[in-house]
1. Considering only the other residues whose Cβ falls under 13 Å of the Cβ of A129, what net charge follows from Lys and Arg at +1 and Asp and Glu at -1?
2. In whole Hz, with x marking every Gly and Pro, tabulate ³J(HN,Hα) for the stretch 147-163 from phi via Karplus 6.51 cos²θ - 1.76 cosθ + 1.60, θ = phi - 60°.
3. What are the aspartates and glutamates whose alpha-carbon lies under 16 Å from the alpha-carbon of K194, with same-chain residues fewer than 8 places away excluded?
4. Using θ = phi - 60° and the Karplus form 6.51 cos²θ - 1.76 cosθ + 1.60, what ³J(HN,Hα) does each residue of the stretch 67-75 get, whole Hz, x for Gly and Pro?
5. Rounded to the nearest 20 debye, what is the charge dipole size of the chain about its Cα centre when +1 sits on each Lys and Arg Cβ and -1 on each Asp and Glu Cβ?
6. Given a 1.4 angstrom probe, I'd like the percentage of the accessible area of the chain that is carbon and sulfur, rounded to a whole number.
7. In Å², what does the accessible area per residue of the stretch 1-56 work out to with a 1.4 Å probe?
8. Hey, what's the Kirkwood Rh for the stretch 3-141 if you take every pair of different alpha carbons, in angstrom?
Amino acid sequence: MKVSLFITCLADVFYSNVGKSTVELLEKLGCEVDFPKSQTCCGQPAYNSGYHKETREVAKHMIKTFEQSDYVVGPSGSCVAMLHEYEELFANDPDWREKAHQLAEKSYELTQFLLEVLKVDNVNAALHAHATYHKSCHMTRLLGVKDAPERLLRNVSGLNVTPLPNSHDCCGFGGTFSVKMVPISEQMVDEKLKHIQDTDAELLIGADCGCLMNIGGRINRKGIPIKVMHIAEVLNSGVK
């Protein structure tokens, strides 16, 4: 099975190990992974800020970039959800709308791809830790991926996962929201952090680098001894 890696900006620039873990995991599960080097930002920051005309140009570029791919897989529900938003961007352009539809049909978040396409819910990972899992907004509400991450985590040997109270609450990141609404964002991440601490977990797991950057930054600023890991790193831990 041939898979094209959609790396996403944050993984590319700040969390390279997430990209590395994604590739290694897919290859260990029998996928042939390529990396289209012309890929760029998916356009989500511009789109969410109302610059839809500019986003259409980005969308056209990304559609052409992955046009020959069999599957497109990314370690971010938020960014993959943006690929699915392209159809709406081209609502009045039938030709590009169809191309956008074709991209959406073959684009998956990592855990979604493992469960829905590869039909795998146990990757033989092993990680001895007490963890909790943060559900990101875009991944659950826009992309509709809700159960896949936790199903996969349940089968990680040695991993004890305590449910996160109010798990569907936003962490306060929201991309440009955290920049434009700093006081509100700060209160939201502090509330999220309190719920994380209530679980007594030593490890926070998430599936979106943006959320992990926001929560992890707050954890570091407050000097709290909780480690942060992307689910790709967890699922790639101890894989035989």
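The values are calculated or read from the model by the stated rules, or taken from the named source; none is laboratory data. These numbers were taken from a predicted model, which means no experiment stands behind them. Please note: Cβ atoms are built from the backbone with ideal geometry, for glycine as well, and neighbour counts cover all protein chains shown. All accessible areas refer to the heavy atoms of the entire protein, side chains included, with ligands and DNA or RNA removed. Shrake-Rupley method; radii C 1.70, N 1.55, O 1.52, S 1.80 Å.
1. On the way: positive: K227; negative: D200, E202, E233.
Charge balance in the 13 Å sphere: -2.
2. 9, 4, x, 6, 5, 5, 5, 4, 9, 7, 4, x, 9, 9, 10, 9, x
3. Within reach: D169, E186, E202.
4. 4, 8, 6, 6, 9, 10, 10, x, x
5. Working: 25 positive and 30 negative charges, 80 e Å.
I would put it at about 380 debye.
6. Numbers: 5610 of 11500 Å².
Exposed carbon and sulfur together represent 49 percent of the surface.
7. On the way: 3070 Å² over 56 residues.
Using a 1.4 Å probe on heavy atoms only, each residue of the stretch 1-56 averages 55 Å².
8. On the way: mean 1/r = 0.0633 Å⁻¹.
One over the average 1/r among Cα pairs gives 15.8 Å for the stretch 3-141.
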